[in-house]
Amino acid sequence: MHELPPLGIRLRGVTKAFGRQLALANVDLDIPPGSYVAVMGANGAGKTTMLKIVSGLAAPTRGSVTIAGVEMKKAGPRLRAMVGFVSHETMLYGDLTSRENLLFHAKLLGLADPRDAVARSAERLAVTSFLDKPVRALSRGMRQRVTLARALLNEPTVILLDEPYTGLDEAAAASLSDLLDELHTPERVVMLTLHDVARALSGPQRLVAIASGRVVMDRPLHGGTDDIAESYMELLREGATR
Amino acid sequence: MNWFAPAMTIAGKDLRLEWKTRDVVASVGLFALLVVVTASFAFPTTGDGREGIAAGVLWMAFLFAALLGMGRTMAIEKEDGCIDGLLTSPAPRESIFLGKLFANLGFTYAVELVILPVFIVLLRLDPAGGPWLLLLGTFMGTLGLVTVGTLFSAMAVNTRGREAILPLLVMPVSVPVMIAAVKVSEAAFTGEWGSTTAWLLLTLAYDAVFLLVAIATFPSLMEE
């Protein structure tokens, strides 16, 4: 087995059970730096659970997750700061303005100049014009951009996004795709869960499909993607009829 | 990263939220005020032993008011998955607990400082033992209540009937600090020192023990 470069993610025998229900069953995965991975599967397949475990938000029942060679269970503040997590919830306080939310998280991240970090992240995500509006008053698309601005405040090297396209209109979805392409650098891991095969085929370079908590497909996405889409749809149909 | 800086950041955020919404202080303050006003009609304002009854009523109001506020401040973190934002941040889990504790302590003690003079006037009490003893006893008792309450509100926040579960969890555990705080307040109202030192020490020990227990157990409570 090859050694992962320093900032890769490694899952070994990751199992997560909620009572008797297995959300993930013995998942092994290596994600080297520079990866742009789409995790797909039907509702309840275990995609969100996998992302939560990688982010350190949930602990595996068995197995281990390591980032940069360090187990997430033992992750210190520096390692946790390297992981930016965007959930399908905004993680923003509705009664605070976008600026207040971003400043709060910048301070939690221990950034030397929180105001500067907020200004830069806001500019990158084009949220500067509504920074002083309460989050509650923003549209779903605007909130999603603020959420992304929060996750990118400290330029994390691992970016995890749980169904980031949910609720976005076409224009907002297109600008999110552009942003994800921009974030995809040789040093960084971008990992997102998706439902839409077309989206998975239009940006990510690797597709991991999960069904009933198991990895059932793990393929690179470059050229000849029609058969991948067809195989994935076949897996979904099999899952639905099981 | 130390615990204190992120804890203050979290408490500061709660304070800012409260400044904007006045959710906690308004509901907690109004509730406590209603209890003391009702008590002023229901209980005697003259006669022997009234200081003991008054101290008991006062702490009953403080306990229920604190429960109301603590449930609300933790529920805020549940909305829109904000708690996940805290848990995935580099802030140590202990500092998340301390941040919520500081905020709860600030809100509750601030309300108590407003309610105390109203209570004293309405029940015609005289803090003969010295206002400092009343304030100290109130602070120490509140710290104990809020420490236990913050821990249990984190446990109860994911449950369906959290408003009912939180008092059920907090009340039995808070009995020692409640008794001690009532005794200290009674001494402040009567001016008779008696065994007040022992009650103050009991409150101090309760605060220290539960603070340590809460800091030690909070991180595992937050694990999914």
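Only the coordinates and a few stated rules stand behind these numbers; no lab work does. Because the structure is predicted, anything quoted here is derived from the model rather than measured. We place every Cβ from the backbone using ideal geometry, glycine too, and count neighbours over all the protein chains shown.
Rounded to the nearest whole Hz, the Karplus-based 3J(HN,Hα) values (6.51 cos²θ - 1.76 cosθ + 1.60, θ = phi - 60°) of the stretch B:29-42 follow the sequence x, 5, 4, 4, 5, 4, 5, 6, 5, 4, 4, 5, 8, 7, with x at glycine and proline. Roughly how tilted is helix A:114-124, in degrees to the nearest 10 and between 0 and 90, from the longest Cα axis of chain A? Tilt relative to chain A: about 60 degrees. Taking only alpha carbon atoms, the protein assembly as shown gives an Rg to Rh ratio of 1.07, where Rh is the Kirkwood radius. Here the Karplus relation 6.51 cos²θ - 1.76 cosθ + 1.60, evaluated at θ = phi - 60°, turns the backbone of the stretch A:92-100 into coupling constants of 10, 7, x, 7, 9, 6, 4, 4, 4 Hz, with x for every Gly and Pro.
Placing +1 on the Cβ of every Lys and Arg and -1 on the Cβ of every Asp and Glu, with no other charges, gives the stretch B:111-224 a dipole of roughly 140 debye about its Cα centre.
Across the cross-link table entries A:K16/A:K47; A:K47/A:K74; B:K13/B:K78; A:K52/B:K20, which are compared at the Cα atoms, the separations over 21 Å belong to A:K47/A:K74; A:K52/B:K20. Relative to the Cα centre, the charge distribution of chain A, modelled as +1 at Lys and Arg Cβ and -1 at Asp and Glu Cβ, gives a dipole magnitude of about 1020 debye. Simple point charges give the picture: +1 on the Cβ of Lys and Arg, -1 on the Cβ of Asp and Glu, and for chain B a dipole about the Cα centre of about 220 debye. Mind checking which of B:L123, B:Y109, B:M140 is farthest towards the positive end of the stretch B:68-179's charge dipole, using Cβ charges of +1 (Lys, Arg) and -1 (Asp, Glu) about the Cα centre? The residue sitting farthest along the positive end of the dipole is B:L123. When the Gaussian network model of chain A links Cα atoms closer than 10 Å, the mean-square fluctuations of A:R20, A:R136, A:R99 top out at A:R20. Modelled this way, with points 7 Å down the Cα-to-C-beta line, the labels at B:A110 and A:R12 are 5.0 nm from one another. Of all DSSP beta bridges confined to the protein assembly as shown, the antiparallel ones make up roughly 55%.
Angle of helix B:50-78 to the longest C-alpha principal axis of chain B, folded into 0 to 90 degrees and rounded to 10: 10°. Net charge in the neighbourhood of B:A26 (other residues with Cβ under 13 Å of its Cβ; Lys, Arg +1, Asp, Glu -1) is +1. The mean count of C-beta atoms from other chains within 10 Å of the C-beta of residues in A:80-93, rounded to a whole number, is 5. Estimated from helices alone, the mean residue ellipticity of chain B at 222 nm is -29000 deg cm²/dmol (sum of -39500 (n - 2.57) over DSSP H runs with n ≥ 4, per residue).
In degrees between 0 and 90, to the nearest 10, how far off the longest principal axis of chain A does helix A:170-183 point, with axes built from Cα atoms? Once rounded, one gets 80 degrees. Tally Lys and Arg at +1 and Asp and Glu at -1 over the other residues with C-beta under 15 Å from the C-beta of A:R188: what net charge comes out? Neighbour charge sum, excluding A:R188 itself: -2.
For the stretch B:185-194, putting each phi into the Karplus relation 6.51 cos²θ - 1.76 cosθ + 1.60 with θ = phi - 60° gives couplings of 5, 4, 4, 5, 7, 8, x, 9, 6, x Hz, in residue order, rounded to whole numbers and with x for Gly and Pro.
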